[in-house]
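Let me begin by presenting the structure, written as structure tokens, before commenting on it.
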Amino acid sequence: MIQNMGDGDVRRLIAGNWKMNGLEDDLAEVTTLAQRLETPRPDNVDVVICPPATLIAPMHALQFDTIGLGAQDCHTEESGAYTGDLSAAMLRDAGACYCIVGHSERRDYHGETDEVVKAKLAAALKADLIPILCVGENLETREAGKAVDTVVAQLKAAFPGAGKGVVVAYEPIWAIGTGKTAGPAEIEEMHAALRQATSPDTRLLYGGSVKPGNAAEILAVSNVNGALVGGASLKADDFEPIVRA
């Protein structure tokens with residue numbers, strides 16, 4: 001049980017998003033991490049790596065017992081004339097068990113709307129993938145005092161239900177890759193609102209410049225059930241301390 005939870009047993013989830021980084025040789029870092037996590041194995045923690053799509057099948061072939069495998073995105077459709085895209089079923093077939101949907105970089109750089117994110121989430125669930133739904137606000141929204149309302153609205157737009165079978169990751173856009181991190185009070189306020197909008201067993205992650213030096217403080221915040229980690233997940237030396245925080 002996560003000690004900071006008061007709403008039941010929720011396994012912690014630490015997910016690494018490699019983004020557009022990594023070649024097959026870089027899977028050596030995952031091998032190193034997997035070996036280190038064998039002794040001792042962290043209690044009540046699930047660890048997932050979401051590498052580029054080109055590395056999903058090679059990583060799956062390595063069959064790590066201590067590390068799960070996820071994708072970074074999926075298409076809304078199962079198949080069709082969508083050159084360059086990958087369906088959720090294809091990703092599942094390649095070995096993925098999780099799939100990130102709605103990451104702020106997809107929303108920003110690719111113009112993905114809440115409707116598109118909703119369709120991708122549904123596609124992931126249909127393919128038996130566990131979606132990691134990303135929600136978050138920009139700095140302008142935060143400074144206008146509309147952060148909580150905006151983020152909860154994103155959540156409900158993407159998945160109107162209680163969130164069963166879905167992981168939710170709160171990622172303040174202004175903190176992603178900037179070195180800035182939301183303070184404990186800001187994280188607690190947002191996660192409390194997300195908890196009210198989801199089921200008690202929905203895992204709520206924090207993402208936004210999570211690193212070894214701040215992971216323990218972030219993971220101690222009420223209703224934080226894990227982290228979505230970016231750059232710090234690329235190296236075993238950085239990611240292992242976060243997993244064990």
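Observations on the structure shown:
- Residue ID - surrounded by the most Cβ atoms within 10 Å (Cβ to Cβ), chosen from residues in the range 36-71 that are at pLDDT 95 or above and either basic (Lys, Arg) or in contact with a His (Cβ under 8 Å, 6 or more places away or on another chain) (or both): 69
- Picking from residues in the range 165-187 that are at pLDDT below 90 and not hydroxyl-bearing (Ser, Thr, Tyr), the one that is surrounded by the fewest Cβ atoms within 10 Å (Cβ to Cβ) is 179.
- Filter result for residue 153 (aliphatic (A, V, I, L, M), without any contact (Cβ under 8 Å) to a residue 40 or more places away in the chain and part of a helix (DSSP H, G or I)): yes
- Summed over the range 231-245, residues that are touching a Phe, Trp or Tyr at 6+ places or on another chain (Cβ under 8 Å), surrounded by fewer than 22 Cβ atoms within 10 Å (Cβ to Cβ) and of a type in the set (Gly, Ala, Ser) total 1.
- Residue 162 modelled with pLDDT of 95 or more and either part of a helix (DSSP H, G or I) or within 14 Å of residue 202 (Cα to Cα) (or both): no
- Hits in the range 102-125 - residues which are among the small types (Gly, Ala, Ser), part of a helix (DSSP H, G or I) and in contact with a strand residue (DSSP E or B) (Cβ under 8 Å, 6 or more places away or on another chain): 104, 124
- Verdict on residue 210 being β-branched (Val, Ile, Thr), part of a strand (DSSP E or B) and without any contact (Cβ under 8 Å) to a residue 60 or more places away in the chain: no
- Residue that is modelled with the lowest pLDDT [pool: residues in the range 1-32 that are β-branched (Val, Ile, Thr) and in contact with a strand residue (DSSP E or B) (Cβ under 7 Å, 6 or more places away or on another chain)]: 2
- Filter result for residue 74 (more than 20 Å from residue 203 (Cα to Cα), modelled with pLDDT of 95 or more and within 17 Å of the chain's Cα centre (by Cα)): yes
- Scope the range 213-230; condition part of a helix (DSSP H, G or I) and surrounded by 19 or more Cβ atoms within 10 Å (Cβ to Cβ); matching residues: 215, 218, 219
The values are calculated or read from the model by the stated rules, or taken from the named source; none is laboratory data. These numbers were taken from a predicted model, which means no experiment stands behind them. Cβ atoms come from the backbone with ideal geometry, glycine included; neighbour counts cover every protein chain shown.
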